[in-house]
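For reference, the structure is listed below as structure tokens.
We did not get these values from a lab; they are worked out from the coordinates using the rules stated. Fair warning: this is a prediction, and the values are worked out from it, not measured in the lab. Virtual Cβ from ideal backbone geometry, glycine too; neighbours counted across all protein chains shown.
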Amino acid sequence: MTTSRASAVWEGGLKGGKGTFKAQSGAASGAYTYATRFESAPGTNPEELIAAAHAACFSMALSADLEKAGTPPTRITTTAACTIDAGKIQKMELVVRGSVKGIDEATFRKAAEGAKENCPVSKALKGNVQVVLDARLE
């Protein structure tokens, strides 16, 4: 079993306050505010971090599934867009492009659907967030 950790500090009230977060490894850290989260100000926010986690997790899961099927990918590129509205994360849009020798578009899309259902981040969001997938070979 693996446990990953991160920490966050928030100072002040909601709209006038500010926060920082840091992954235990030190690989990710940053500042965030109400404006970066809800007003499109430059900077990061929790939803961006969830989107990054989902894109990374999905890419690894898809790569593993393709490799297990005997067609390891040359490259998997995934972008994720996390939408928050009315105080709830409503939707995650995954766009994946893959460079995989020896498979057709339908096989790639089927593998991507499987990864969408089975990557750990997808499983954590399941039943709470609509996950939409656009998968294509390059």
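Spatially, the stretch 1-32 and the stretch 61-120 are offset by 27 Å when compared through their Cα centroids. Would you kindly calculate the translational diffusion coefficient of the stretch 46-137, applying Stokes-Einstein with the Kirkwood radius from alpha carbon pairs, for 10 °C and a viscosity of 1.306 mPa s, and quote it in µm² s⁻¹ without decimals? After rounding, the answer is 121 µm²/s. So who's got an amide H within less than 5 Å of the one on A28, skipping anything under 5 residues away but keeping other chains? H placed 1.01 Å off N, in plane. Here A23 satisfy the definition. Taken one residue at a time, the phi angles of the stretch 29-44 give Karplus couplings (6.51, -1.76, 1.60, θ = phi - 60°) of 7, x, 10, 8, 9, 4, 5, 6, 8, 10, 10, 6, 6, x, x, 9 Hz. Gly and Pro are set to x. When the Cα positions of A106, G12, L137 are compared along the charge dipole of the chain, G12 comes out farthest toward the positive end, with charges on each C-beta of Lys, Arg, Asp and Glu. DSSP finds beta bridges in the chain, and of those with both partners inside it, around 75 percent are antiparallel. Between the helical axis of 105-118 and the longest alpha-carbon principal axis of the chain there is an angle of about 40 degrees. Among the listed pairs K18/K126; K68/K88; K101/K123; K22/K68; K15/K126; K15/K91, those whose Cα-Cα separation exceeds 32 Å are K68/K88; K22/K68. When each of the peptides 17-26, 47-56 is scored by how many other beta carbons lie within 10 Å of its residues on average, the order from highest to lowest is 47-56, 17-26. The angle separating the long axis of helix 46-68 from the principal Cα axis of greatest extent in the chain is about 20 degrees.
Comparing E105, E11, E113 in a Gaussian network model of the chain, where Cα atoms under 10 Å apart are tied by springs, the biggest mean-square fluctuation is seen for E11.
For V95, V129, V100, V9, the sequence from fewest to most other C-beta atoms within 10 Å is V9, V95, V129, V100. Going from the fewest other Cβ atoms within 10 Å to the most, the residues L94, L62 appear in the order L94, L62.
Each Lys and Arg contributes +1 and each Asp and Glu -1, all at the Cβ; summed about the Cα centre of the chain, the dipole is approximately 260 debye.
Of the trypsin sites (Lys or Arg not before Pro) found in the stretch 88-134, those that fall in a DSSP loop while having at most 14 other beta-carbon atoms within 10 Å are K101, K126.
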